[in-house]
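First up is the structure itself, then whatever we jot down about it.
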Amino acid sequence: MLYKYSSAKQKGFTLLELLTVIGVMAVLATFVIPTIGNWRVETQIEKDYKALLGEIRYLQAKAKLINGTSVLMCGGEAPGYDLTSTIINKIATTTSWGSVPTGTFTVANTLESKARGEIWEWPPKSGNNCSVGGTNILFLQNGKATSASIEVFKPLGVAKMRDANYTAYKITISSATGYIQLFRSKKGSDTWVELR
């Protein structure tokens, strides 16, 4: 008996069509997945930078408002130093150099404090070099502050240095005026551009 070939329309995909679609998707995935990963890291760095900047501006304003002192404290190990803050209305004793107290101090009356994980999440996903210039950044009621330069970045491997392939941010505080300057690094270089 002879079988007749049916000319009815077949439904489904051929093997060649399926392999073509899988190949195109694989090629697209090689470009899209790294971009999404980089975007997530960049977003986390920017989020941590904004949280730190917000805390610095809050501490600076609160010190003037209460006619007291605010302290941003850095501790722990690189690259994700612990960031805590305290607002006090009086420093009982201090070891100071010049017009801005630094070094060791004794708190007389704590009005408000933020523990580790309240300024930015713990464990940190971004790195910072907060502890490089000293462990405490003080903001005084007269607007002056401890001179500081803090970078927020993506740490690179075991060395825990800044990965130049990602954007980094730097916050610089002037001790004479308490003025805050903001910088952003260009990807792939150590060049800093001031943000306005």
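The values are calculated or read from the model by the stated rules, or taken from the named source; none is laboratory data. Quantities reported herein were computed from a predicted structural model and do not represent experimental measurements. So basically every Cβ, Gly included, is an ideal-geometry build from the backbone, and we count neighbours across all protein chains shown.
For the reader, a short list of remarks on this structure follows.
- Against the numbered list (1) over 14 Å from residue 83 (Cβ atoms); (2) modelled with pLDDT under 85; (3) surrounded by 16 or more Cβ atoms within 10 Å (Cβ to Cβ), residue 131 comes up short only at (1).
- Checked against (1) closer than 24 Å to residue 43 by Cβ; (2) at pLDDT 75 or above; (3) surrounded by 15 or more Cβ atoms within 10 Å (Cβ to Cβ), residue 144 meets all criteria but (1).
A quick yes/no check of all residues on (1) of a type in the set (Val, Ile, Thr); (2) surrounded by 11 or more Cβ atoms within 10 Å (Cβ to Cβ); (3) more than 25 Å from residue 122 (Cβ to Cβ); (4) in contact with a His (Cβ under 8 Å, 6 or more places away or on another chain):
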site: 12; (1), (2), (3), (4): no, no, yes, no
site: 28; (1), (2), (3), (4): no, no, yes, no
site: 37; (1), (2), (3), (4): no, no, no, no
site: 60; (1), (2), (3), (4): no, yes, no, no
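- Matching residues, the range 38-89, being closer than 20 Å to residue 110 by Cβ, among the hydroxyl-bearing types (Ser, Thr, Tyr) and part of a helix (DSSP H, G or I): 58
- Pick from the range 163-196, criterion among the basic types (Lys, Arg) and modelled with pLDDT of 90 or more, ranking: surrounded by the fewest Cβ atoms within 10 Å (Cβ to Cβ): 184
- Within the range 43-67, if we keep just the residues that are among the polar types (S, T, N, Q) and in contact (Cβ under 8 Å) with a residue 24 or more places away in the chain, the residue that is farthest from residue 183 (Cα to Cα) turns out to be 67.
- Checked against the criterion of being more than 16 Å from the chain's Cα centre (by Cα) and at pLDDT 80 or above, the range 101-112 contains not a single residue that satisfies it.
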